[in-house]
Amino acid sequence: MAADPGAPARDGLDPELRARIAALSDEGWEIWERFDVDVRRNDWHPFVPADYERVLEALVAQRGPGLRFLEWGSATGVITIMADLLGYEAWGIELDPALVEVARGLASRYGSGARFAAGSFIPSGYRYRPADGDGRLGTIGDGASAYPELRHPLEDFDVVYAYPWGGEEAMMIDLMRAYGGRGARLLLHGGEGVRVYRDGRPVA
Ligand SMILES: C[S@@+](CC[C@H](N)C(=O)[O-])C[C@H]1O[C@@H](n2cnc3c(N)ncnc32)[C@H](O)[C@@H]1O
């Protein structure tokens, strides 16, 4: 869903910033519509966009001075750029290098300093070993870890966001518990909106 520039300022955002984010989100939807026709019609691809308005609300609620933000699977970069515009120091990691190029172009059009790396958000060395023994990763792809390119390990980030496909949440929570910084927040977007986890547990 696109951000509504006419929405009451319940989030306390400056109207100019809100309008900029609304334009970004609208352009994100246009890019997605073309991607859906040009790429997804021919071949399955794991990229589907989040409900940008709901993610915006969560990012506004979590923001604070000097926070480092990381998006796992940043696709066209809309959410990482949104985080940058909201004042986070923002990075995105995306496995598909063509999407990383799209995200960099979008960031430069919006005057955003958001940074993107092509590669995997899974640090080398991490293995998912759940108690039930089913360590399949679903749609999460394989690739070289992108953290060396970011020059920050996962533990350096205060807020990490992802939009997992159904069934992939547990792996992300486990990865954050194993490699995330203490007290860092994991924001997972799903059917019920955005849930926040801290140290492996949901935050009420
Ligand atoms: C469901 S989409 C979410 C897109 C975006 N984060 C959003 O919320 O609108 C998941 C994205 O993760 C990417 N992806 C899958 N496995 C990955 C991995 N191991 N490392 C980085 N990105 C990955 C996919 O290419 C896809 O763009």
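For residue 148, the criteria (1) in contact (Cβ under 8 Å) with a residue 12 or more places away in the chain; (2) touching a Gly at 6+ places or on another chain (Cβ under 9 Å) hold in every case but one, which is (1). Selection within the range 102-121: residues that are within 12 Å of the ligand (Cβ to nearest atom) and not polar (S, T, N, Q). The member of this set that is farthest from residue 69 (Cα to Cα) is 102. With the structure loaded, tell me whether residue 138 is closer than 20 Å to residue 155 by Cβ and within 11 Å of the ligand (Cβ to nearest atom) or whether it fails that test. The answer is no for residue 138. If only residues of the range 106-130 that are within 14 Å of residue 178 (Cβ to Cβ) and small (Gly, Ala, Ser) are counted, the one that is modelled with the highest pLDDT is 124. Please specify each residue of the range 151-192 satisfying the condition of being more than 14 Å from the chain's Cα centre (by Cα) and touching a residue at least 60 places away in the same chain (Cβ under 8 Å). If the condition is that a residue be more than 14 Å from the chain's Cα centre (by Cα) and touching a residue at least 60 places away in the same chain (Cβ under 8 Å), then 152, 156 are the ones that fit. Filtered by the rule that a residue be outside any loop (DSSP other than H, G, I, E, B) and within 11 Å of the ligand (Cβ to nearest atom), the range 41-57 gives 52, 54, 55.
Would you confirm, using the coordinates I've provided, whether residue 159 is of a type in the set (A, V, I, L, M), within 15 Å of the ligand (Cβ to nearest atom) and in contact with an Asp or Glu (Cβ under 7 Å, 6 or more places away or on another chain)? Spelling it out, it is not the case that residue 159 is of a type in the set (A, V, I, L, M), within 15 Å of the ligand (Cβ to nearest atom) and in contact with an Asp or Glu (Cβ under 7 Å, 6 or more places away or on another chain).
The values are calculated or read from the model by the stated rules, or taken from the named source; none is laboratory data. Quick caveat: nothing in here was measured; it's all calculated off a predicted structure. Neighbour counts run over all protein chains shown; Cβ positions are idealised from the backbone, glycine included.
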